[in-house]
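K.L.:
One structure, pasted below without further comment.
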2 protein chains.
Amino acid sequence: MPTYRAPLRDIRFVLHELVGSEKLNALPGYEDATPDVFDAVLDEAAKLCEEVLFPLNQSGDAEGCTFENGEVRTPSGFKDAWNTFVAGGWTGLASSPEWGGQGLPLTLRYVLDEMICSSNMSFGMFPGLSHGAYIALVNHGDDELKRTYLAKLVDGTWAGTMCLTEAHAGTDLGIITTRAEPAGDGAYRITGSKIFITAGEHDLTDNIIHLVLARLPDAPEGTRGISMFVVPKFLPTEDGNIGTRNGVSCGSIEHKMGIKASPTCVINFDDATGFLVGEPHKGMRAMFTMMNEERLAVGMQGLGLAEVAYQNAVAYARDRVQGRAPRGPVAPDMPADPIIHHPDVRRNLLLVRSFTESARALSGWVGSLQDISRRHPDEARRQEAGDLVALMTPIVKAHFTDLGFESANHALQVFGGHGYVREFGMEQYVRDARIGMIYEGTNGVQALDLVGRKLPMDNGRAVMRYFGILTALIAEAREDKRIAGIAEATERAVGKLQQVTMHLAQAGAKDPAEAAAAATDYQRLFGTVVLGHMWLWMAKVASEKLDAGAGDESAFYETKIRTAQFYALRVLPQATSLGHTIQSGGASVNEYTPEMF
Amino acid sequence: MPTYRAPLRDIRFVLHELVGSEKLNALPGYEDATPDVFDAVLDEAAKLCEEVLFPLNQSGDAEGCTFENGEVRTPSGFKDAWNTFVAGGWTGLASSPEWGGQGLPLTLRYVLDEMICSSNMSFGMFPGLSHGAYIALVNHGDDELKRTYLAKLVDGTWAGTMCLTEAHAGTDLGIITTRAEPAGDGAYRITGSKIFITAGEHDLTDNIIHLVLARLPDAPEGTRGISMFVVPKFLPTEDGNIGTRNGVSCGSIEHKMGIKASPTCVINFDDATGFLVGEPHKGMRAMFTMMNEERLAVGMQGLGLAEVAYQNAVAYARDRVQGRAPRGPVAPDMPADPIIHHPDVRRNLLLVRSFTESARALSGWVGSLQDISRRHPDEARRQEAGDLVALMTPIVKAHFTDLGFESANHALQVFGGHGYVREFGMEQYVRDARIGMIYEGTNGVQALDLVGRKLPMDNGRAVMRYFGILTALIAEAREDKRIAGIAEATERAVGKLQQVTMHLAQAGAKDPAEAAAAATDYQRLFGTVVLGHMWLWMAKVASEKLDAGAGDESAFYETKIRTAQFYALRVLPQATSLGHTIQSGGASVNEYTPEMF
């Protein structure tokens, strides 16, 4: 049976020592979010995740959700866990106090997301999707919609969904066919069928609020003709209770590789009453408002699963004895040495750890940039932070889920045959991690977003800003002898990234197929460099702490620097090959015609 | 629902045009194995796999094996399929005619293995393990054991297993505790418990013949004190039927991530009657005889799963319409273009195809080398072929299963969300593929075998021979303008491999931990180069065919060269980064002490 302990020391390092919780505290509106409050929330979140959510993870996977007569039953214990989650106010952690939320920084929400995903990713989908619906409504809904729905989404009485995909329209939302007809009374009649609706139907809440993309009768073709509607399962009464059942029904649930405790539903809308969110035909804008936050949240799933997989792999590697260490017996009194003494096992563990800690740093940084982009008094600072968040969103989504999946697999491998057996729990992490690479825009779509939208955005302003940050950090770090080697390795990788970015900007401008053929390798290269950036930054902070005399904490900071060295020496070199691959050009892909396959 | 068609054109290319079936036909004992016979066998094998085994793959996964009262029931249809398999003589394809086998070349067996694994990997485990038992007995059993068991293993009346692993002893067989006491009558009493026994109990055959590793009372410690025993489920009578039940029982079956139709058993031996195979304390030798063939067979699983995953991903990519091609609409009359026109989808498909076709070539080459190593009249040729087989065994096992898993994942990704849903069949390929990286020696163990045993073997004779073959091929291919670019890319990667090999030989001689820390990256580098070798060789043959005027077949050969170009430009560059990583040295792993984790 796997175990989980929230990595609070490392989370505090990221929040307090790296990003700086006092800087968040200084932002207007976050006056109450003192570093002490952060710590108190972290302790409570850890308790919730370790004691309430984690114990339901394996049983939830084994039992799964069941579908009968249009109703979905969540696995045993999920309803109680939801009630505990709601009672603790976790559904509204970063929501506005105006609607009953706690108004804490978004940075903290990502930290909570990591812990929830480590302990029970399927469970985490329920509040995750509700929060997505909250974001769409708070940003695009009119006052009446806000008054009717937000408080109940925030306090967890009701839950929300995102209804985008149709059987024939996933990545390409421009071809959806769900229709919305004006009902004459200001409302609309929604008809169509949506698939892959996470938490589309369940037994955790009295009501489920669907945010649905549909086409009005006069809609222009493509994505410019899509509108967003609120379609509740039960129509709310004047006094805010649930009223008559709407024309919304669950047709079936999918049988999936993983996240089996999260129901993935076919949701049918049959002349259902809906309410327009924002302007007609501007639904894609509202969709992206929530989608961008969801993409960052999906990235946290990759990190969370990698973290719990790592913890269990380390525990197993300390415990399991097998063979002798290459330099001779380490435990001569035992029949064999613990496998953590085998270099190849350590290499596996280090690949995972060098991902989790840098990903945690990046999520802390991006979270803080999001907070700055919304609350900083200086518009220039807000804009800069917003640019960086936009640039990093596809990286966090795609690179974290790619490496989350790889990490779960590395960790499974440490268990040998036991990793393949259900009871040890490792194979569930692999199955659960696989979906992150697919939903909320496949990782191929993220790569195209990076190359096709984020790089050219405002004439490359975001990426140029980012390169500036990298250059400054490398220059500073070079001055610190303890980490100068890491700085040099980072500089080489950054140099390759800059070179390739120029190449792509030129080649892609001439031929979009050229950029498209390079996109995934470029995203991998970019992600590899960004995590290298985090390692250099963390190593610099750790080195400064050691210089200042870290006492009992010295081992923590020394290990940080060691892990940074591992990443610099054994992961960053991938940048070279990725660069060569991209620079070889797109012809080997683009001239390989469909009939050749 | 997925589909499968045996890739007969490409298999024939490998057998007839690349490896040369006429060369196999010329070996003593293979006089009847004419190219026509090869073709006839291929056609029948394809029919069997497509029509009998493949239709049971998804249902077998969904139903799984069941365990009740010590008995294992295989999924519906498996018993009938086994009977069809046996009736067709497939269990004895490459077994000796002396024991009722068909005596066909081993090369053909690997081809059959690929098709079986494409169509139903779980099913393939049953004959696969039986063949392993056959190999151990035919090479190490005495005449009586051979007379008693071989014909029935070959004709499929009985099945076999390999009982090595114990709960505390997997990779490290030196610490097994299963005991064998002499019974006084020449037989032994075997007591102990084995785990992870594939096909350890099932309902396909009347009897199951376990090959069991155990320790005699006077056994030296470690692997030098292990003996091998035949322990049948039912003791055979004088006339070759089944007699009394032996002290062998199945304690349980594992609940696994995949290969659910293959029962993975706990097998308990309780004073069971066993018969010594070979000499006392020399069981590891017999074990490796069968293990080496099994490792190659496991490699075929990676290839087989990648092939079927590829076929389905291509079909989906042609059929699914979504978005527009980057250079503008390709199917303007349809709402969107088939996704095969998206460069990133093609890139995914090409990564898989550039693996499957080169892996098929390598399995054909290694199979033919195995045949040559056993049957060539010239001892020097036999030795050379044997060296190369030994060198390639860990590559085929580890690289094919690593890339088989990666390929199944690439193919799943093409399906987007549908890839994650069971009915489309892709997620089963991923789950089934994951085990290949673990069993018959984890891929980490394969890498250590490559670095620690195969490289230094006979002062590097095998690897030097292999480099000689590479150098000669590159020199020839450079003269052919059509493929000179591929030759140059291959030469760069080979140069990096040679450089790193020298580095490792020196560093590893001083400190075994240095080689161990580099092993997995080195194995990946070696595997990447070997598949590059196959691509260059295939491209050369294809180019010669085009020069000679290939008529209707021109498209086939031109596509071969295109795929070789893709591999050279977009996969081979990985060699550079792997080289850098290895040359960074082992300190970042070896000095990272256990308490730091």
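K.L.:
In the list B:396, B:451, which residue meets the criterion of being of a type in the set (A, V, I, L, M, F, W, C), more than 14 Å from chain A (Cβ to nearest Cβ) and buried (at least 22 other Cβ atoms within 10 Å of the Cβ)? Step through it out loud before you land on a result.
P.N.:
Values: B:451 fails: more than 14 Å from chain A (Cβ to nearest Cβ).
Just one listed residue meets the conditions, B:396.
Yes or no, residue by residue, for (1) modelled with pLDDT under 95; (2) away from chain A (no Cβ under 14 Å); (3) closer than 21 Å to residue B:428 by Cβ:
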{"site": "B:227", "(1), (2), (3)": "no, yes, no"}
{"site": "B:231", "(1), (2), (3)": "no, yes, no"}
{"site": "B:236", "(1), (2), (3)": "no, yes, no"}
{"site": "B:239", "(1), (2), (3)": "yes, yes, no"}
{"site": "B:245", "(1), (2), (3)": "no, yes, no"}
{"site": "B:252", "(1), (2), (3)": "no, no, no"}
{"site": "B:257", "(1), (2), (3)": "no, no, yes"}
{"site": "B:266", "(1), (2), (3)": "no, no, no"}
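K.L.:
Hand me the list of strands (runs of 3 or more DSSP E) wholly inside the range B:202-241 holding 1 or more residues that are buried (at least 24 other Cβ atoms within 10 Å of the Cβ). Lay out the reasoning, then the answer.
P.N.:
Numbers: elements: B:207-214, B:227-232, B:234-236.
The strands (runs of 3 or more DSSP E) meeting that bar are B:207-214, B:227-232.
K.L.:
What number of residues in the range B:423-436 are surrounded by fewer than 24 Cβ atoms within 10 Å (Cβ to Cβ) and either touching a Ser or Thr at 6+ places or on another chain (Cβ under 7 Å) or in the same structural domain as residue B:113 (by TED's automatic domain parsing) (or both)?
P.N.:
0
K.L.:
Go through the range A:411-422 and give me each residue that's of a type outside the set (Val, Ile, Thr), touching a Lys or Arg at 6+ places or on another chain (Cβ under 9 Å), assigned to a helix (DSSP H, G or I) and crowded, with 22+ Cβ neighbours inside 10 Å. Explain how you work it out, then say what you get.
P.N.:
First pass over the range A:411-422, keeping only residues of a type outside the set (Val, Ile, Thr): A:411-413, A:415-420, A:422.
Retained after the next criterion (residues that are touching a Lys or Arg at 6+ places or on another chain (Cβ under 9 Å)): A:412, A:415-416, A:418-420, A:422.
Right, trim to assigned to a helix (DSSP H, G or I) and you get A:412, A:416, A:418-420, A:422.
Across the range A:411-422, the qualifying residues are A:412, A:416, A:419, A:420.
K.L.:
Hey, does the range A:508-522 have a residue that's closer than 25 Å to residue A:475 by Cα and open to solvent by less than 20 Å² (accessible area, probe 1.4 Å)?
P.N.:
Filtering the range A:508-522 down to residues closer than 25 Å to residue A:475 by Cα leaves A:522.
Of the ones still in play, those that are also open to solvent by less than 20 Å² (accessible area, probe 1.4 Å) are A:522.
Within the range A:508-522, one or more residues are closer than 25 Å to residue A:475 by Cα and open to solvent by less than 20 Å² (accessible area, probe 1.4 Å).
K.L.:
Name the residue, out of A:298, A:352, A:308, that is over 24 Å from residue A:455 (Cβ atoms) and within 14 Å of another protein chain (Cβ to nearest Cβ).
P.N.:
Working: A:298 fails: over 24 Å from residue A:455 (Cβ atoms); A:308 fails: within 14 Å of another protein chain (Cβ to nearest Cβ).
Being over 24 Å from residue A:455 (Cβ atoms) and within 14 Å of another protein chain (Cβ to nearest Cβ) holds for just one of A:298, A:352, A:308, which is A:352.
K.L.:
Given the conditions (1) more than 23 Å from the chain's Cα centre (by Cα); (2) under 28 Å from residue A:435 (Cβ atoms), and given that residue A:142 satisfies all but one, which numbered condition is not satisfied?
P.N.:
So residue A:142 meets the others, but not (2).
K.L.:
Can you work out which of the residues in the range B:402-448 that are in contact (Cβ under 8 Å) with a residue 12 or more places away in the chain, facing another protein chain (nearest Cβ under 8 Å) and hydroxyl-bearing (Ser, Thr, Tyr) is nearest to residue A:408 (Cα to Cα)?
P.N.:
If we take residues in the range B:402-448 being in contact (Cβ under 8 Å) with a residue 12 or more places away in the chain, facing another protein chain (nearest Cβ under 8 Å) and hydroxyl-bearing (Ser, Thr, Tyr), then B:442 is nearest to residue A:408 (Cα to Cα).
K.L.:
With in the same structural domain as residue A:259 (by TED's automatic domain parsing) and touching a helix residue (DSSP H, G or I) at 6+ places or on another chain (Cβ under 9 Å) as the only criterion, which of A:191, A:178, A:171 stands out?
P.N.:
Details: A:191 fails: touching a helix residue (DSSP H, G or I) at 6+ places or on another chain (Cβ under 9 Å); A:178 fails: touching a helix residue (DSSP H, G or I) at 6+ places or on another chain (Cβ under 9 Å).
Checking each option against the conditions leaves just A:171.
K.L.:
Moving on to the next point. Please specify each residue of the range B:97-130 satisfying the condition of being more than 27 Å from residue B:258 (Cα to Cα) and either modelled with pLDDT under 95 or among the aromatic types (Phe, Trp, Tyr) (or both).
P.N.:
Selection gives B:99 alone.
K.L.:
Filter the range A:152-171 for residues that are open to solvent by less than 40 Å² (accessible area, probe 1.4 Å) and assigned to a helix (DSSP H, G or I) and give the result. Lay out the reasoning, then the answer.
P.N.:
Going through the range A:152-171, the residues open to solvent by less than 40 Å² (accessible area, probe 1.4 Å) turn out to be A:153-154, A:156, A:158-166, A:169-170.
Passing the criteria: A:153, A:154.
K.L.:
Does the range A:414-423 include one or more residues that are aliphatic (A, V, I, L, M), at pLDDT 95 or above and farther than 30 Å from residue A:339 by Cβ? Walk me through it before giving the result.
P.N.:
Initially, the range A:414-423 is screened for residues aliphatic (A, V, I, L, M), giving A:414, A:421.
Keeping just the survivors that are at pLDDT 95 or above gives A:414, A:421.
Going one step further and asking which of them are farther than 30 Å from residue A:339 by Cβ, we end up with none.
The answer is no, given that none of the residues of the range A:414-423 is aliphatic (A, V, I, L, M), at pLDDT 95 or above and farther than 30 Å from residue A:339 by Cβ.
K.L.:
Within the set of pairs 6 or more residues apart or between chains, which connect a residue that is more than 18 Å from residue A:557 (Cα to Cα) inside the range A:471-497 to a residue that is in a helix (DSSP H, G or I) and open to solvent by 70 Å² or more (accessible area, probe 1.4 Å) with Cβ atoms less than 6 Å apart?
P.N.:
So the pair list comes out as A:474/A:491.
K.L.:
Can I ask one more? State the number of residues belonging to the range B:73-90 that are on the phi < 0 side of the Ramachandran plot and open to solvent by 20 Å² or more (accessible area, probe 1.4 Å). Spell out the reasoning first.
P.N.:
Initially, the range B:73-90 is screened for residues on the phi < 0 side of the Ramachandran plot, giving B:73-76, B:78-88, B:90.
Then keep just the ones that are open to solvent by 20 Å² or more (accessible area, probe 1.4 Å); that gives B:73, B:76, B:79-80, B:83-84, B:86-88, B:90.
Total meeting the criteria: 10.
K.L.:
Looking at residue B:278, is it assigned by TED's automatic domain parsing to the domain that holds residue B:186 and either aliphatic (A, V, I, L, M) or within 32 Å of the chain's Cα centre (by Cα) (or both)? Working first, answer last.
P.N.:
Values: assigned by TED's automatic domain parsing to the domain that holds residue B:186: yes; either aliphatic (A, V, I, L, M) or within 32 Å of the chain's Cα centre (by Cα) (or both): yes.
Yes; evaluated as a whole, the condition is true for this residue.
So that you can scan it fast, the table gives a plain yes or no per residue for (1) more than 14 Å from chain B (Cβ to nearest Cβ); (2) under 23 Å from the mean Cα position of the chain (by Cα); (3) of a type in the set (Lys, Arg):
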| residue | (1), (2), (3) |
| --- | --- |
| A:529 | no, yes, no |
| A:537 | yes, yes, no |
| A:554 | no, no, no |
| A:557 | no, no, no |
| A:565 | no, no, no |
| A:574 | no, no, no |
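K.L.:
Looking only at the range A:524-560, count how many residues are part of a helix (DSSP H, G or I) and either free of Cβ contacts under 8 Å to residues at least 24 places away in the same chain or open to solvent by 10 Å² or more (accessible area, probe 1.4 Å) (or both). Steps first, please.
P.N.:
Step one: list which residues in the range A:524-560 are part of a helix (DSSP H, G or I), which gives A:524-547, A:551-560.
Retained after the next criterion (residues that are either free of Cβ contacts under 8 Å to residues at least 24 places away in the same chain or open to solvent by 10 Å² or more (accessible area, probe 1.4 Å) (or both)): A:524, A:537, A:540-542, A:544-547, A:551-559.
Qualifying residue count for the region: 18.
K.L.:
Pick from B:444, B:485, B:452, B:495: which is closer than 30 Å to residue B:258 by Cα and not aliphatic (A, V, I, L, M)?
P.N.:
On the way: B:485 fails: closer than 30 Å to residue B:258 by Cα; B:452 fails: closer than 30 Å to residue B:258 by Cα; B:495 fails: closer than 30 Å to residue B:258 by Cα.
Result of the check over B:444, B:485, B:452, B:495: B:444.
Residue-wise test of (1) outside any helix (DSSP H, G or I); (2) open to solvent by less than 10 Å² (accessible area, probe 1.4 Å); (3) without any contact (Cβ under 8 Å) to a residue 12 or more places away in the chain.
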| residue | (1), (2), (3) |
| --- | --- |
| B:261 | yes, yes, no |
| B:268 | yes, no, no |
| B:280 | yes, no, no |
| B:298 | no, yes, no |
| B:305 | no, yes, no |
| B:315 | no, no, no |
| B:329 | yes, no, yes |
| B:344 | no, no, yes |
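K.L.:
Considering only the range B:438-456, I want to know if a residue exists there that is over 20 Å from the mean Cα position of the chain (by Cα), in the same structural domain as residue B:540 (by TED's automatic domain parsing) and part of a helix (DSSP H, G or I).
P.N.:
Narrowing the range B:438-456 to residues over 20 Å from the mean Cα position of the chain (by Cα): B:452, B:455-456.
Adding the requirement that they be in the same structural domain as residue B:540 (by TED's automatic domain parsing) leaves B:452, B:455-456.
Now narrow it down to the ones that are part of a helix (DSSP H, G or I): B:452.
Among the residues of the range B:438-456, at least one is over 20 Å from the mean Cα position of the chain (by Cα), in the same structural domain as residue B:540 (by TED's automatic domain parsing) and part of a helix (DSSP H, G or I), which makes the answer yes.
K.L.:
List, please: which pairs have Cβ atoms under 8 Å, are six or more places apart or on different chains, and start with a residue in the range A:87-102 that is part of a loop (DSSP other than H, G, I, E, B) and end with one that is of a type in the set (Lys, Arg)?
P.N.:
A:93/A:109; A:94/A:109
K.L.:
Report, ordered by the first and then the second residue, all pairs with beta carbons closer than 7 Å, sequence separation of six or more or different chains, a first member in the range A:22-36 that is within 10 Å of residue A:105 (Cα to Cα), and a second member that is charged (D, E, K, R) and open to solvent by less than 80 Å² (accessible area, probe 1.4 Å).
P.N.:
A:24/A:371; A:27/A:371
K.L.:
Counting only residues that are open to solvent by less than 10 Å² (accessible area, probe 1.4 Å) and outside any loop (DSSP other than H, G, I, E, B), which one in the range A:21-55 is nearest to residue A:425 (Cα to Cα)?
P.N.:
A:53
K.L.:
Could I ask something else about it? What are the residues in the range B:56-72 that are closer than 19 Å to residue B:124 by Cβ and either in the same structural domain as residue B:253 (by TED's automatic domain parsing) or surrounded by 17 or more Cβ atoms within 10 Å (Cβ to Cβ) (or both), if any?
P.N.:
From the range B:56-72, those closer than 19 Å to residue B:124 by Cβ are B:56-65, B:72; that's our starting set.
B:56, B:57, B:58, B:60, B:61, B:63, B:64, B:65, B:72 - these are the residues of the range B:56-72 that are closer than 19 Å to residue B:124 by Cβ and either in the same structural domain as residue B:253 (by TED's automatic domain parsing) or surrounded by 17 or more Cβ atoms within 10 Å (Cβ to Cβ) (or both).
K.L.:
Is there a residue in the range B:577-594 that is of a type in the set (A, V, I, L, M) and outside any helix (DSSP H, G or I)? Full working, then the answer.
P.N.:
At the first step, the residues of the range B:577-594 found to be of a type in the set (A, V, I, L, M) are B:578, B:582, B:587, B:589.
Next cut, outside any helix (DSSP H, G or I) only: none.
So far as the range B:577-594 goes, no, none of its residues is of a type in the set (A, V, I, L, M) and outside any helix (DSSP H, G or I).
K.L.:
Within the range B:457-506, track down each residue that is open to solvent by less than 70 Å² (accessible area, probe 1.4 Å) and not in a helix (DSSP H, G or I). Steps first, answer last, please.
P.N.:
Going residue by residue through the range B:457-506, those that are open to solvent by less than 70 Å² (accessible area, probe 1.4 Å) are B:457, B:460, B:462-463, B:465-470, B:472-475, B:477, B:480, B:483-487, B:489-490, B:493-498, B:500-501, B:503-505.
The one that is open to solvent by less than 70 Å² (accessible area, probe 1.4 Å) and not in a helix (DSSP H, G or I): B:480.
The values are calculated or read from the model by the stated rules, or taken from the named source; none is laboratory data. Remember, predicted model here, so these are calculated numbers, not experimental data. Using ideal geometry, Cβ is built from the backbone for each residue, glycine included, and neighbour counts are taken over all protein chains shown. Each accessible area value is taken on the protein alone, full model and side chains, heavy atoms only, with ligands, DNA and RNA left out. Shrake-Rupley method; radii C 1.70, N 1.55, O 1.52, S 1.80 Å.
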